[in-house]
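What follows is one structure encoded as structure tokens, with my remarks underneath.
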Amino acid sequence: MSGFAGALAPELALAGVAAQPNAIEEAFGQLVGDGFRPAAVTEELGQRWEITRNYFRLRACCNPIYSALDALEDILTEHKPLPENIARVDVATYRFAANMREPDPINYFAAKYSLPHAAAALILRGNVGYHAFTEEAVADPAIAAIRRRVAVCEDPALNANVPRLKPARVTVTLTDGRQITRLRESARGDFQEPYREDEVRAKFRELAGVVRCSAPEPSLAWRNSSSDSMSCRASPISSSR
């Protein structure tokens, strides 16, 4: 979406569309934060390089819910509960992420902003990559059933260190009454806790597989070869992409 917005912006400008005067203040002060401090824009200018503080997104959903998914994945990996033995999943997180709580997303795009859907897909399929957010996945009755067992709420105490940290606490209640809780102070994948190279490679292979690229992986992703070396047969793009 960010790439699409970047490409669309000059077209909108040429068409005479102008942004509202306080767009930045509203975005940071009301949508994703509690206020906008203009001086922060130039803090450490020429000393701190944001390009080195970026992150990879291995999951095909909105980044604010990554911490909760990491915590849930920790529980699933350690305890290996069967989906039918999970009675409930309770997620407490910071304010912005807590808004992404819709248990019945209407389509694949809405599912990307639904923590209940992402959690259900992780529980049932063990993965929340591209294929967990198709129209087929949204309509899957097994995923829908698990979605309704996921409750999301805001914990005001977890707002204190946002955006430096984006915490989430997940509690899985099993059908035998046992509860397992994990807290993640922030998601993996950024410069503070980067993904392993094999995880990033797996993400590349997953997405390349969607278009069935015939070129070898290293020449596409890990070498400085020109784009002329790529030979891909793009599969028909459905409305869910």
Where the centroid of each part is defined by its Cα atoms, how far is segment 5-47 from segment 135-185 in Å?
31
Around GLY33: net Lys/Arg minus Asp/Glu count, Cβ-Cβ under 13 Å:
+1
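With a cut-off of at most 15 other beta carbons within 10 Å, and DSSP calling the residue loop, which trypsin sites (Lys or Arg not before Pro) in segment 1-96 qualify? Please list them. Write down the numbers at each step before the final one.
Values: sites: ARG48, ARG53, ARG57, ARG59, ARG88, ARG95; in loops: ARG48, ARG57, ARG59.
Those satisfying the criteria are ARG48, ARG57.
If you add up the charges near VAL128, with Lys and Arg at +1 and Asp and Glu at -1, over every other residue whose beta carbon is less than 12 angstrom from its beta carbon, what do you get?
Details: positive: ARG57, ARG59, LYS112, ARG125, LYS203; negative: ASP70, GLU73, GLU206.
Summing Lys/Arg as +1 and Asp/Glu as -1 gives +2.
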Around LEU58, what is the net charge, scoring Lys/Arg as +1 and Asp/Glu as -1 over all other residues with Cβ under 10 Å from its Cβ?
+2
The answer for GluC sites (Glu not before Pro) in segment 36-120 that fall in a DSSP coil and have at most 12 neighbouring Cβ atoms within 10 Å is GLU43, GLU44
Whether segment 40-85 is rounded, prolate or oblate, judged on the alpha carbon gyration tensor where a/c under 1.5 counts as rounded
prolate
How big is the charge dipole of the chain about its Cα centre, in debye rounded to the nearest 20, if each Lys and Arg gets +1 on its Cβ and each Asp and Glu gets -1 on its Cβ?
400
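If a/c stays under 1.5 just call it rounded; otherwise compare a/b with b/c (prolate if a/b is bigger, oblate if not). Do that for segment 63-184, with a ≥ b ≥ c from the square roots of the Cα gyration tensor eigenvalues.
Here segment 63-184 falls in the oblate category.
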Correct option for Rg and Dmax of the Cα atoms in Å [calculated from the coordinates] among (1) 17.7, 56; (2) 20.0, 62; (3) 16.2, 50
(2)
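For the chain, what is the mean residue ellipticity at 222 nm derived from helices alone (per DSSP H run of n ≥ 4: -39500 (n - 2.57); sum divided by total residues; nearest 500 deg cm²/dmol)? The partial results should precede the final answer.
On the way: 9 runs with 77 residues, N = 241.
For the chain, the value works out to -9000 deg cm²/dmol.
Just so you know, all these numbers are worked out from the coordinates, no wet-lab data involved. For clarity, every value in this text was computed on a predicted model and none was experimentally measured. In this analysis, Cβ positions are derived from the backbone assuming ideal geometry, glycine residues included, and neighbour counts consider all displayed protein chains.
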